Amino acid sequence: MLLRDRIFKTLTRLVGRAIGDFNLIEDQDRILVALSGGKDSWSLLYALRHLQRKAPIKYEIAAITIHPGRDTFDLSALHERLILDGIKHEIVDGHIVDIVNENLTDGTNPCSFCSRLRRGMLYTFAAREGWNKIALGHHLDDFVETLMLNMFFNGSIKGMSPKLLADDCQNIVIRPLVYVREEITRTVAAGLKLPILGCSCAYQGMSGSRRQWVKQLLKSVEQEIPDVKSNLLASMGRVRDRHLFRKRSLGEETDTIRFVNDD
Ligand code: SF4
């Protein structure tokens, strides 16, 4: 078997396992895959499409791309590839970069702000057009880095959830790449010769120096503890409440909640 095929098989096996473990997809679901044009969202889309053909249940998939509103963001190669592979593609004109430019306040990371805007547009579109689930391409490394960032810089044990009720309380957001390492999506995207798109925006590369720092930290820890990322991910699902504590102060949530919102 070719390396390309082997890695794709690994990807679909891990996505399939996540779907089963977290009940991510159910019969008659209509799923919008948020396709930014990066390696992760491409890999997610092709994994879900592959699994769709073999699944004992029926579900619908389409890709959606929020256009940031810059001419330099050329979607034609991405769109053509989707047409070639028979995948429905929705494009929403977001003018996000203008909104970011006009509303960015001191100390706010433009890409975090942009990501929240995109998410809001996705929710609105999905609710209006009758798509009940939105699939995002966050992978294992994202899950672990977010957990570390929140612990180090925000003083909270908060990561990402593979399945959660969106802020609008209408859509369900799913993250089927929870078990997939970033290097897998890189190899899959290259193997399938998928047209990778960057943001083509002046803020590119400003996704956060803290995240870069956490990435480097984890990379160096991995040399001593090769399983550190898997262990950190597993820790998010093995929370021992009795050995933590909750402050019962004004407005603090004390009940266990089934779905947890995250950024
Ligand atoms: S570089 Fe940042 S602000 Fe610009 S479009 Fe990409 S995510 Fe948004």
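The values are calculated or read from the model by the stated rules, or taken from the named source; none is laboratory data. Note that the structure is predicted; figures quoted are calculated from it, not measured. All Cβ positions, even for glycine, are placed from backbone atoms using ideal geometry, and neighbour counts span all protein chains on display.
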#### Entry: Hits in region 28-42 (condition: within 16 Å of the ligand (Cβ to nearest atom) and either in a loop (DSSP other than H, G, I, E, B) or out of contact with any helix residue (DSSP H, G or I) (no Cβ under 8 Å at 6 or more places or on another chain) (or both))
Leu35, Ser36, Gly37, Gly38, Ser41
### Query
Considering only residues of region 178-199 that are in contact with a Phe, Trp or Tyr (Cβ under 9 Å, 6 or more places away or on another chain) and part of a loop (DSSP other than H, G, I, E, B), which is nearest to Arg6 (Cα to Cα)?
Leu192
## Note on the structure
How many residues of region 187-205 are away from the ligand (no atom under 16 Å from the Cβ) and touching an Asp or Glu at 6+ places or on another chain (Cβ under 9 Å)? The answer is 3
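Would you check which residues across region 226-248 are aliphatic (A, V, I, L, M) and exposed (fewer than 10 other Cβ atoms within 10 Å of the Cβ) and list them? It would help to see each step written out before you state the result.
So the first thing to find is which residues in region 226-248 are aliphatic (A, V, I, L, M), and the list is 228, 232-234, 236, 239, 244.
Once the filter is applied, which keeps residues that are aliphatic (A, V, I, L, M) and exposed (fewer than 10 other Cβ atoms within 10 Å of the Cβ), region 226-248 yields only Leu244.
A quick yes/no check of all residues on (1) at pLDDT below 95; (2) of a type outside the set (D, E, K, R):
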{"position": "Arg116", "(1), (2)": "yes, no"}
{"position": "Tyr123", "(1), (2)": "yes, yes"}
{"position": "Trp131", "(1), (2)": "no, yes"}
{"position": "His139", "(1), (2)": "no, yes"}
{"position": "Leu147", "(1), (2)": "no, yes"}
{"position": "Phe152", "(1), (2)": "no, yes"}
{"position": "Gln170", "(1), (2)": "yes, yes"}
{"position": "Val188", "(1), (2)": "no, yes"}
{"position": "Ile196", "(1), (2)": "yes, yes"}
### Task
Keeping to region 46-95, report how many residues are out of contact with any strand residue (DSSP E or B) (no Cβ under 9 Å at 6 or more places or on another chain), hydrophobic (A, V, I, L, M, F, W, C) and under 24 Å from Arg13 (Cβ atoms).
4
